1. Under a point spin-label approximation (7 Å from Cα along Cα-to-Cβ), what is the SER286-ASP22 distance to one decimal in nm?
2. Report the relative contact order of the range 146-215, percent, no decimals, based on alpha-carbon pairs under 8 angstrom and at least 6 residues apart.
3. How far is it, in nm, from the label point at VAL7 to the one at HIS227 when both lie 7 Å from their Cα along the line to the Cβ?
4. For the chain, how many pairs of lysine residues have a Cα-Cα distance under 23 Å, where the two are 8 or more positions apart or belong to different chains?
5. Please work out the Cα center distance from the range 39-106 to the range 216-272, rounded to the nearest Å.
6. For the range 233-298, what class follows from the C-alpha gyration tensor (a ≥ b ≥ c being the square roots of its eigenvalues): rounded when a/c is under 1.5, otherwise prolate if a/b is larger than b/c, else oblate?
7. Sum -39500 (n - 2.57) across every DSSP H segment of at least 4 residues in the chain, then divide by the residue count to get the 222 nm mean residue ellipticity, nearest 500.
8. Counting only protein heavy atoms, what percent of the accessible surface of the chain is carbon or sulfur at a 1.4 Å probe?
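The values are calculated or read from the model by the stated rules, or taken from the named source; none is laboratory data. Just so you know, these numbers come straight off a predicted model, no measurement behind them. Quick reminder, even Gly has a Cβ in these numbers, built from the backbone with ideal geometry, and neighbours come from all protein chains shown. All accessible areas refer to the heavy atoms of the entire protein, side chains included, with ligands and DNA or RNA removed. Shrake-Rupley method; radii C 1.70, N 1.55, O 1.52, S 1.80 Å.
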Amino acid sequence: MATFQVVTEQHGELNCWRISSDRAELLIAQQGAQVLSYQQVGEPPLLWLSDQAIFRQGKSVRAGVPVCWPWFGNLQRNPEAVQAMYQGTPAPAHGLARTRDWKLLGIKEVGETLRIEFELPEARGDLPGWPHDVELKLVVEMGADLTLSLTSRNMGNTPVTISQALHSYFAVSDVRQTRVEGVDGLGYIETLANWEQRQQQGALMFAGETDRIYLNTPQTLSIVDPHWNRRITLASSGSRSAVIWNPWTERAKELADMADDGWQRMLCIETANVWDDLVELKPGASHSLGVQIGCENI
Ligand code: TA6
C-alpha cells in the first residue's frame, strides 16, 4: 500500500504542496493549480523546473505543467470564435487560468493513487474580461503514472468556445540527443515560418528553435532519451492537437526565467485543443482534456 505525505511549502510568493510517496515526489502550486515538478524515486526528474524559475503572483512559473485556458498562446492567433469570448484588453498569453489562484477541493488516496482536485472559482463568471459561467476543475492523479485531467463544464445558457493546453515541460538529458515519436506523417503548423502548413517526416529531432502545432495527433506520443535510457509516454484524451516547443539558444537568452543553456535540458509537448481542434461547449456540456504521463527504461 502506497502512503503519501503532504507538506505545505512557500516558494517565493506562491503557496505550494509537496507530496511524496515511496515511489515519487510532486510539487504543485495553488497559483494555476500548476504542477511544478515531478520525479520518480531513483530517476532523473520527469517534469522540468527551470533553475531560474520565478515564483511570483501573476506570473506563470517556467516549469511543470502550466494550464493554458480559456485560450492557448496569442489570442489573436486563435479562431474568431475563441477571440469573441474575451472582452478585456490586453489579452495575456495562454489565457487567464495559469496566473489565478485555484481552490484545493481535496487530496485523497484512492487505492494506490493520490487524487488532488482543484477548481478555479473565478471561471464561474468572475474572470476579468471573460464573462462566461464555466465550472473548471483540474484533477491530478499520482500513482504508477502521473495523470492530469482538465474538465470544463458550461454552466451558463449560451455556447462557449475555448482553446486550451496542458503546457507540459519535460526534463531531458540533452534535447539534441532526444527524439519525439508518434508524429511521423502528421501535418503541422510551422509557427516560425509564417504559420505554414507542413508535413512531418519521421520522428522529430531537435536542431534549432522549434514551435509547431501538430494536427490530428494519435493518442500516444513519446520522448525517447537514449542517454537517460528512458522513454516518456504521453497518452492523451480529449485532444487531437499538440504543440511542441523548444526555444533554443537565442529565445532562451530572452527569457528571464530560463538559464542561457536551459533549453538543452527541456522540451515541451503540450497536450492541446488548438487550431481546428477547438472545444465548443453548448449549455450544460462538458469536455475533459487529459494526459497520462508514464516512463519506462529502454
Ligand atoms: O507553446 C509554445 C509557446 O506558445 C511558445 O510560442 C512560447 O512562447 C511558449 O509557449 C512559452 O510561452 P510563455 O508565455 O510561457 O513564455
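1. So the label points at SER286 and ASP22 sit 3.4 nm apart.
2. After rounding, I find 28 percent.
3. Modelled inter-label distance: 3.0 nm.
4. Eligible lysine pairs with Cα atoms under 23 Å apart amount to 6.
5. Using only Cα atoms to place each centre, the spacing works out to 15 Å.
6. Details: a/c = 3.29, a/b = 1.70, b/c = 1.94.
Oblate.
7. So the helix-based figure for the chain works out to -1000 deg cm²/dmol.
8. Numbers: 5410 of 12410 Å².
C and S fraction of accessible area: 44 percent.
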